[in-house]
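Down below is the structure, laid out as structure tokens.
Taken together, the values in this text are just the output of simple stated rules run on the coordinates, not laboratory data. Model, not experiment: these values are computed from the prediction. With ideal geometry, Cβ positions are generated from the backbone for all residues, glycine too; neighbour counts draw on all protein chains shown.
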Amino acid sequence: MNQNESMISFRDIRKQYGNFTALKSINLDIYKGELFGFLGPNGAGKTTLIRILTGIIQPSGGKIMVGPHDLFAQPDKAKAMLGYVPDRPYLYEKLTPLEYFEFMGGLYNVASERILSKGEEMLRMFDLWERRNELIESFSHGMKQKVAMSAAILHDPDIFVVDEPTVGLDPRSVKLAKDFFKRLIASGKTVFLTTHTLSVAQDLCNRIAIIRQGDIVALGDMKELQRRASMPGNSLEDVFLKITEEELAQQPSNL
Amino acid sequence: MSVYPALTRRTRLAAAGLVMNSLLLVSPALKKFRRVFSHRNRAVLALLSGGSALIAILIYYGLYRFLEYVGRAPMLGDTFGPILGGLLVSKLLEMLFMTLFFMVLFSSVIAALSSFFLNEELPTLMSSPLPIGMIFRSRMLLMTIESSWMVVVFFMPALYSFATALNASWPAYLLFPFFMLLSVLLPNLVGGFTALALAAFFPIRQMKKVFQFLSIIVLTALIFFLRSLEAEKLLNPSYFKDISQYILSLEVPLINYSPSSWLHQASIALFRNNTGEALIKIAPLVGITIVGLLLLNLFARRYYRESWQMSMEAVDNQVLGLEWLRRVLVWPFRWTDPVFRVIANKEITTFVRDPAIFSQIFMMTAIVFVYGYNLSILPLKDIPSLYSGELNDTLVFLNGPFIGFILASIGMRFVFPSISMEGRAFWAVKSSPVSPRKILITKLILYLLPMTVLGIILCMVTNSVFKVSHPVLMYMSYINVLIITVVITSLAIGVGAVYADFSADSPLKIAGSYGGFIYMLLSGFFIINLLAIEVYPMYRLFFNRFYATRGSSGLVLITVSSLLLLGCTAVWTYVPFRKGLDTIENYEPE
């Protein structure tokens with residue numbers, strides 16, 4: 001991890017849906033070569049932040065820098081640096097995995113040779129090569145997740161954004177995915193992931209942020225989080241529950 | 001389960017043996033429909049409602065004037081005219097009922113397959129302890145509404161114009177909606193039975209074969225229907241050996257023992273104020289409908305769950321046939337810009353592999369066939385030669401809007417759903433470096449290609465049928481069709497984006513949605529707008545032929561008309577596209 005080189009920089013990111021505040025004011029830096037975990041209870045704002053980062057939704061205010069590019073001023077350049085895997089892998093069902101790769105690769109202007117070679121490598125890694133000529137509509141949730149993950153890597157992005165990467169994956173695939181993220185980090189890439197599987201976050205992440213009700217309530221590496229929760233040596237699960245419950249107790253409405 | 005907030009409580013009641021209401025199960029769909037209106041601008045809604053009412057009045061009044069003229073039939077003389085005219089009006093009503101019957105029947109089968117087997121609420125409903133009959137009745141209700149609402153909206157003013165032309169009294173107007181209900185329920189019953197029966201023989205998820213089968217049936221039925229009408233003969237008694245044969249051809253039903261025929265006879269009696277006779281004639285149909293509903297209910301209680309389970313099992317996971325067609329269609333795009341190429345590839349691949357699309361192609365082919373057939377039977381050779389040139393030229397002038405309506409119908413089926421068909425996978429495009437503008441422009445260009453080719457072919461064929469005598473008119477007709485094609489395609493993309501439904505499971509459903517209705521309405525407004533602008537130059541063209549006048553006023557007005565035409569084309573092309581783009585830019589996928 002290179003703390004001198006911020007790959008993603010959130011500045012005062014806010015998101016309002018009518019009277020509901022999904023994100024209060026997010027300020028966060030994610031550095032090159034870092035595997036950053038973003039945790040929080042359901043509805044805390046994790047997916048909202050990821051969707052803003054990937055340009056799917058617009059924030060109510062704030063600024064995001066992706067590498068040297070302003071996401072809102074130069075969306076094409078910023079987005080080209082990102083590879084995104086959503087929590088629910090809705091894909092084009094009438095395409096085969098290879099056709100889907102061709103489509104996604106085309107949107108990112110990737111050469112056909114690279115699409116084919118990288119696509120094959122990823123499908124073989126996820127044991128889907130034999131099913132390359134079948135329509136995606138016949139795939140299970142986990143298989144679609146693997147196809148989405150493979151497509152996200154085709155254009156060799158510097159930053160990999162993954163929302164709930166292990167949902168729907170069998171234990172072997174979870175292991176494969178974890179190894180895959182480690183390899184990405186080893187090759188100098190940056191990974192930003194959200195997960196509810198705290199063991200995955202504990203195993204993989206260099207730093208973790210915990211978000212609750214649209215606000216980051218804890219940020220740091222495992223030791224810093226343990227210190228923050230006054231629970232040295234405890235698991236991330238204990239730390240997470242302690243911090244989120246503390247925050248809940250401090251809410252005026254819950255007093 | 002959140003879509004059924006009251007379901008759990010109600011389910012307990014059902015288990016306790018209380019009577020459940022199938023309407024409850026329809027409420028999520030109705031709420032969804034209400035939401036479509038709730039967040040629309042009230043002024044736009046008022047404008048669209050006003051526009052719809054205006055079109056309904058135009059259909060009603062225009063057809064009434066036509067029927068009133070046909071009813072008098074002055075071309076047949078003072079004695080026979082009114083007698084034969086009345087028979088002609090009756091025959092036209094019979095044709096209308098038969099058209100309505102076939103249209104609802106066809107769309108009900110497709111709606112039934114979707115509603116009974118592919119609806120995304122079904123797994124939740126089927127896994128609940130609700131009685132299967134109740135689930136089926138709720139699907140049947142949805143399918144009936146889906147397949148028939150648009151047909152009813154467009155046919156009601158036309159049918160009421162028959163009532164006025166036949167001097168119906170007010171009770172007939174009040175009673176007729178019940179006749180209309182029967183005319184919609186009967187084909188839906190047949191459609192429901194057909195869908196359930198098909199499910200017993202074909203795995204629904206491999207519907208390609210089923211749809212092809214259905215399409216062939218419908219196409220055959222349409223051809224049969226058209227041949228059986230022989231409209232060209234009915235309008236010209238000289239085709240018949242004698243008057244008795246002519247009268248006989250008018251009086252004999254198009255198809256004996258067909259529900260549409262019975263409905264026609266009952267409606268004629270009703271419109272002629274023979275209410276008693278009308279009720280006697282409609283009574284058997286009421287009986288058939290009730291018995292049909294009961295039988296369908298029994299049939300569904302016995303087979304519906306089983307056939308739905310079968311439809312879940314058979315997933316066609318291999319690349320479907322017609323791969324050669326896909327390869328041929330994507331081949332020309334190999335040398336285009338990468339983004340254009342991959343979007344074109346994806347659109348074509350999805351198109352070729354969507355089983356429902358084949359029935360749509362057949363249906364569109366049938367529409368074009370009907371159009372060509374109608375042109376081929378026009379009695380142009382019977383018109384005095386002095387006027388034939390002018391009449392042909394007028395027909396060419398009117399032909400543009402007709403081609404426009406055909407293109408709009410095709411646009412509604414194929415272009416309008418293209419944004420919605422991105423479905424829930426739209427996140428992939430939105431998170432990519434390709435801007436929404438580029439996506440929309442790419443789609444616009446992509447769909448403009450086949451639409452333009454089709455428009456030009458239709459124009460070439462019709463110009464040759466009409467033997468256009470004026471070169472200016474010939475060029476104008478092509479320019480006209482090009483303008484229409486650009487606007488109609490832009491409208492389809494723009495309105496399709498504004499009213500995009502990314503959760504819809506079939507292009508047919510999208511085309512039949514509220515947005516599809518708005519698209520057709522706007523297409524109609526544009527064509528009226530185009531006609532209004534072009535009337536003056538057309539008039540000057542004719543005028544100059546007879547009176548070779550020279551003067552600057554005509555030239556000035558023609559220039560003004562041309563500028564107006566350019567301006568309107570630009571506005572009609574840009575505004576919907578811009579609106580669609582704004583919607584897509586602000587759209588937040590699930």
**Prompt:** What whole number of Å gives the distance from the Cα centroid of region B:162-179 to the Cα centroid of region B:445-524?
**Reply:** 36
**Request:** Would you mind ranking B:HIS264, A:HIS155 by Cβ crowding within 10 Å, fewest neighbours first?
**Result:** A:HIS155, B:HIS264
**Message:** Largest first, please: the extent of the C-alpha atoms of region A:91-156 along each principal axis, to the nearest Å.
**Reply:** 28, 22, 17
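Can you give the Kirkwood hydrodynamic radius of region B:410-561 from its Cα pairs, in Å with one decimal?
Values: mean 1/r = 0.0563 Å⁻¹.
Answer for region B:410-561: a Kirkwood hydrodynamic radius of 17.8 Å.
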**Prompt:** What list of whole percents do you get for P(r) of region A:11-61, with Cα-Cα distances grouped in 10 Å bins up to the one holding the largest distance?
**Reply:** 23, 56, 18, 2
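Return B:ILE457, A:ILE208, B:ILE419, A:ILE115 ranked ascending by Cβ neighbour count within 10 Å, so the fewest neighbours appear first.
Working: B:ILE457 13, A:ILE208 25, B:ILE419 29, A:ILE115 22.
By the 10 Å Cβ count, ascending: B:ILE457, A:ILE115, A:ILE208, B:ILE419.
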**Fill in**
When B:SER267, A:SER140 are arranged by how many other beta-carbons sit within 10 Å of their Cβ, fewest first, they go A:SER140, B:SER267
**Asked** For region A:42-94, what's the radius of gyration and Dmax over Cα atoms, in angstrom?
**Response** 12.4, 38
**Quotient of C-alpha Rg and 2.2 N^0.38 Å, computed over region B:469-512** = 1.76
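Could you pull out the trypsin sites (Lys or Arg not before Pro) across region A:105-181 that fall in loop regions by DSSP (anything but H, G, I, E, B) with no more than 16 other Cβ atoms inside 10 Å? Don't skip to the end; give the middle numbers.
Numbers: sites: A:ARG114, A:LYS118, A:ARG124, A:ARG131, A:ARG132, A:LYS144, A:LYS146, A:ARG172, A:LYS175, A:LYS178; in loops: A:ARG132.
Answer in residue order: A:ARG132.
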**Fill in**
The pairs in A:LYS79/B:LYS31; B:LYS509/B:LYS579; A:LYS63/B:LYS32; A:LYS24/B:LYS443; A:LYS79/B:LYS579 lying past 30 Å Cα-Cα in this model are A:LYS79/B:LYS31; A:LYS63/B:LYS32; A:LYS24/B:LYS443
**Under the Debye formula (equal points on every Cα, no solvent term), log10 I(q)/I(0) of region A:97-255 at q = 0.09, 0.11, 0.13, 0.18 Å⁻¹** = -0.39, -0.55, -0.71, -1.07
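Hey, can you list the DSSP H helices of chain A whose Cα span along the axis is 18 Å or longer and whose average Kyte-Doolittle score is at least 0.0?
Working: long enough: A:112-125 (19 Å, -0.68); A:141-153 (19 Å, 0.17); A:171-186 (22 Å, -0.07); A:236-250 (21 Å, -0.06).
In chain A, the long hydrophobic H runs are A:141-153.
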**Request:** Can you give me the P(r) profile for region A:25-131? Cα pairs, bins 5 angstrom wide beginning at 0, each as a whole percent.
**Result:** 2, 9, 16, 20, 17, 16, 12, 6, 1, 0
